[in-house]
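Here's the structure, in structure tokens; my notes come after.
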Amino acid sequence: MDLTVATVRRARLVPLATLMACSLLLAACGDKKETTASQTAAKVNKDEITVHQINFVLQQQRGLRPEQADAASRQILERLIDQELAVQQADALKLDRDPRVVQQLEAVKREVLARAYAEKVGEAASRPTPEDIKAYYDANPALFAERRVYSLQELRIEAPADQVGALRERLQASKNINEFVEFLRGAGLRFNANQAVRAAEQLPLASLKAFAQMKDGQAVFNAAPNGAVVIVLAGSRSQPVGEEQARPAIEQFLLNQRKRELLEQDRKRLRADATVQYVGKFAEGAPPAAEAASAPAESGLPSLAPAGEAAMPPAAPASAGLDPADISKGLGLK
């Protein structure tokens, strides 16, 4: 088959167990395959695999080029055949009656239905206008017009809480990061050192403004639950992004933000209208009926890095934002 290694790997991203769970869920709910309105791709004993099933899996493959679709479809069909054989054996063994399987099927059903409802609510979100996109671009120069790519060095230090203040002072008094590291070793403090390259959009938005104000060689100190985290800006390079290039990412970000706001409003409405009664040990310290956990905020935009530049997860610090007062002016690392 004329199929690249990347395509094969993408096709394998759909675990057999997940496919089996979905098939068992449909069987448990009494849904039968409707083959009259679809094309048959293969017959496995008395059952059929349809083109619709293949296309559904294909839709989950990201970055698949049109010329790879045919070869990927054949790979997916082979996996669906293996899946169908396993499902038929599970039916023969009446595994759909196993309490653990029933519980898993119900969990999958609940997750699919909840996700479908969330998508339905999100459909009401209005798309950002060109004016909205330009306003966001102009309001965030550190992400776009003044975008930088940061080379960061991170130290995660294990220390008692009563030593964190002294560590902060020692960092500010150090001439460079190597001197501070030697102090940590001499004091017998355990630490882990890491290096990473992060584009502006890969940093937490709450911390980006502080990072944008840092100069090469400066460091930031943050207290952590079991010690402290020190991040040194070893170097940076300017890599601005024009408005036209940033437009798709900004539009998607703002649209997702509006969808999250609609979902949060709907969640609060459902909570207010529902009767929720905590029972047993969960009744102790239960939140008020009107109180609910806040939805997690998105940390940044989709990657704006040029093709071929690896995307990386958001960098530490773990806190929501960096206090500019914590930026050390004493380090001169070059």
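Read-outs: derived from the displayed coordinates by stated rules, not from any lab. Treat the numbers as computed from the prediction; the structure is a model and nothing was measured. Note that we place each Cβ from the backbone using ideal geometry, even for glycine, and neighbour counts take in every protein chain shown.
Key figures for this structure:
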read-out	value
Per-residue HN-Hα couplings for the stretch 195-212 [Karplus 6.51, -1.76, 1.60; θ = phi - 60°; Hz; x = Gly/Pro]	10, 7, 10, 10, 7, 4, 6, 8, 9, x, 4, 5, 9, 4, 4, 5, 5, 5
Residue 143 long-range amide H proximity, modeled H, under 5 Å	none
Amide H partners (placed H, <5 Å) of residue 61, local residues excluded	none
The stretch 84-89 - phi-based ³J(HN,Hα) in whole Hz, Karplus 6.51/-1.76/1.60, Gly and Pro as x	4, 4, 5, 5, 4, 5
Loop trypsin sites (Lys or Arg not before Pro), the stretch 53-129, which have at most 15 other Cβ atoms in a 10 Å radius of their Cβ (DSSP)	62, 94
Anisotropy class of the stretch 110-174 from Cα gyration tensor, a/c 1.5 cut	oblate
Per-residue HN-Hα couplings for the stretch 157-174 [Karplus 6.51, -1.76, 1.60; θ = phi - 60°; Hz; x = Gly/Pro]	10, 8, 7, x, 4, 6, 9, 5, x, 5, 5, 4, 5, 5, 4, 5, 8, 6
Per DSSP, loop trypsin sites (Lys or Arg not before Pro) in the stretch 198-292 with at most 16 further Cβ within 10 Å	215
Loop GluC sites (Glu not before Pro), the stretch 102-186, which have at most 14 other Cβ atoms in a 10 Å radius of their Cβ (DSSP)	123, 146
